[in-house]
Amino acid sequence: MRVLTITCLCLFITTLFFTSGKASANDVRIGVLAIRGPEDSVKFWQQVADHLNAKIPDHHFVIVPQSYKSMEQAVVNRQLEFVVANPAEYIEYEVKYGASRIATQVNHVGRSESSVLGSVIFTKSNRNDIATLSDLRGKSLITASKTAFASWLITRDELKRQGLSPGDLASVQFTGSSSDKVVMAVKNGEADVGSVRTLVLEQMAQEGKILLSDFRIINRRYVEDFPFLLSSELYPEFAFARLKHTNWQLANKVAAQLLLMPHDSPTRRYPNLIGWSVPDNYETVRNLMQKWRTPPYEDYGKVTLRDAVRQHWISICLAFTAFMALVLVVFLCLNIKQRRKKYRILEETKQDLEAHTELVKGQRDLLTLQKEELEMALARVKQLEGIIPICMYCKKIRDDSEIWHQLEQYISEHSEADFTHSICPTCYDKAITEIR
């Protein structure tokens, strides 16, 4: 009863502190994801605040339970100095708000511990119709939240490995941030199958809330050195992260004390101790988020023009230079071809002109010859003009040299006319008479 009273009081104080936004100067606020509800979160995480308060007395560390939605808003409003976030939340805060991990959680149930997590997919032990993930087709599934890394994103990835999508299920229900509600919903028959992060079933069994024998683990896996129930691949545990505005000297002190925090002697107040290791590599988490395009990777794989220019500007410049060089070469080739064509046309024109000139010259020479011949013909014609002395008896013609020529001879020599001989009717009659 006393423990419950103290827990409720702590919850009331932290809730009042967070909603009012007022805190003393030395308060250091640590936001934690309340995956099992605010009351259980304060009870579980108070051991971290107690340790830090004892080791760093000049500051007062306060646990502030958050839901998935309120945690990001508190980070944006600088209402927290540190956060304990699930792997996906940490990656998102790192990318969007400059958070940096300083430690990775080591979880305990009894004497078993682990710094990695996965998902546990389960049903009631008496559900003989559900033995493998393939049997989930047409069944209802319940989990914590769409933003839950282990209980939903990892589970969804495992379903895809078996060729199942959420659309193949009868329904998918979300309870918020409480994993306990998921377990109890399956126990009470409100859903066929449930999915929570690793350790939840063991912790609830240790607290006397359930019996592990009441449930059957679907797609159960056994990994060496991992002591808890498991249905999926493993990923790094929750990250303790410093926010961008938090003093780095304080962050160094906190990181050092987290690594020195004892976690091998459970007590009645803290039966499940929290330990811390050096920050793990969260790239497997980032890859899974990119695969499913969860925030802040909603547009992962979709390359914008700005992204393409930023990432490949050297290649773009080289390609542009090569393109311009190619354009220049093509331009020069076309220009040379065009010049050759013009040159050929000019040559042909020149040849045509020369041929025309020769033709004109030939025609001119021909015209000269024709002119000379014409002049000579005219001259000859002129010789036949005027008074021609002709014998009235024999019809001979006298030339300028006083020589008498036969009429035919004279005309043939002074013109182009030729003669053919015949006899007219009168002369014919006369000649016949003389012959007779």
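Could you tell me which numbered condition residue 134 fails, if it satisfies all but one of (1) free of Cβ contacts under 8 Å to residues at least 60 places away in the same chain; (2) of a type in the set (S, T, N, Q); (3) surrounded by 17 or more Cβ atoms within 10 Å (Cβ to Cβ)?
(3)
Tell me which of these residue 315 doesn't satisfy, since it passes every other one: (1) surrounded by 10 or more Cβ atoms within 10 Å (Cβ to Cβ); (2) part of a loop (DSSP other than H, G, I, E, B); (3) without any contact (Cβ under 8 Å) to a residue 12 or more places away in the chain; (4) not β-branched (Val, Ile, Thr).
Against the list (1) surrounded by 10 or more Cβ atoms within 10 Å (Cβ to Cβ); (2) part of a loop (DSSP other than H, G, I, E, B); (3) without any contact (Cβ under 8 Å) to a residue 12 or more places away in the chain; (4) not β-branched (Val, Ile, Thr), residue 315 comes up short only on (2).
Suppose we filter 129, 135 for residues that are in a loop (DSSP other than H, G, I, E, B), acidic (Asp, Glu) and under 24 Å from residue 221 (Cβ atoms); which single one remains?
On the way: 135 fails: in a loop (DSSP other than H, G, I, E, B).
Going through 129, 135 in turn, just one is in a loop (DSSP other than H, G, I, E, B), acidic (Asp, Glu) and under 24 Å from residue 221 (Cβ atoms): 129.
What do you reckon, is residue 258 of a type outside the set (Lys, Arg) and on the phi > 0 side of the Ramachandran plot? Reasoning before the result, please.
Details: of a type outside the set (Lys, Arg): yes; on the phi > 0 side of the Ramachandran plot: no.
In short, no.
Being part of a loop (DSSP other than H, G, I, E, B) and in contact with an Asp or Glu (Cβ under 8 Å, 6 or more places away or on another chain) is the filter here, so list the residues in the stretch 169-215 that pass it. Give the derivation first.
Of the residues in the stretch 169-215, the ones part of a loop (DSSP other than H, G, I, E, B) are 169-170, 175-178, 188-192, 198-199, 207-211.
Hits for the stretch 169-215 are 170, 209.
For residues in the stretch 239-275 being assigned to a loop (DSSP other than H, G, I, E, B) and either among the basic types (Lys, Arg) or not assigned by TED's automatic domain parsing to the domain that holds residue 101 (or both), which is nearest to residue 43 (Cα to Cα)?
Once the filter is applied, the top-ranked residue is 269.
Any residue in the stretch 143-152 that is part of a strand (DSSP E or B), in contact with a strand residue (DSSP E or B) (Cβ under 9 Å, 6 or more places away or on another chain) and surrounded by 18 or more Cβ atoms within 10 Å (Cβ to Cβ)?
There is at least one residue in the stretch 143-152 that is part of a strand (DSSP E or B), in contact with a strand residue (DSSP E or B) (Cβ under 9 Å, 6 or more places away or on another chain) and surrounded by 18 or more Cβ atoms within 10 Å (Cβ to Cβ).
How many residues are under 26 Å from residue 79 (Cβ atoms) and of a type in the set (S, T, N, Q) if we restrict to the stretch 236-273?
5
Within the group 95, 106, 84, 120, which residue is within 33 Å of the chain's Cα centre (by Cα) and either part of a strand (DSSP E or B) or surrounded by fewer than 18 Cβ atoms within 10 Å (Cβ to Cβ) (or both)?
95
Please go through the stretch 397-434 and give me each residue that is free of Cβ contacts under 8 Å to residues at least 24 places away in the same chain, surrounded by 12 or more Cβ atoms within 10 Å (Cβ to Cβ) and either polar (S, T, N, Q) or in a loop (DSSP other than H, G, I, E, B) (or both), ordered by number.
399, 406, 409, 412
Of everything in the stretch 200-227, what is among the β-branched types (Val, Ile, Thr) and free of Cβ contacts under 8 Å to residues at least 12 places away in the same chain? Give them in sequence order.
The first filter runs over the stretch 200-227 and keeps only residues among the β-branched types (Val, Ile, Thr), leaving 200, 210, 217-218, 223.
Hit for the stretch 200-227 is 223, nothing else.
The values are calculated or read from the model by the stated rules, or taken from the named source; none is laboratory data. Nothing here was measured: the structure is a model prediction, and the numbers come from that model. Cβ sites come from the backbone with ideal geometry, for glycine too, and all protein chains shown count toward neighbours.
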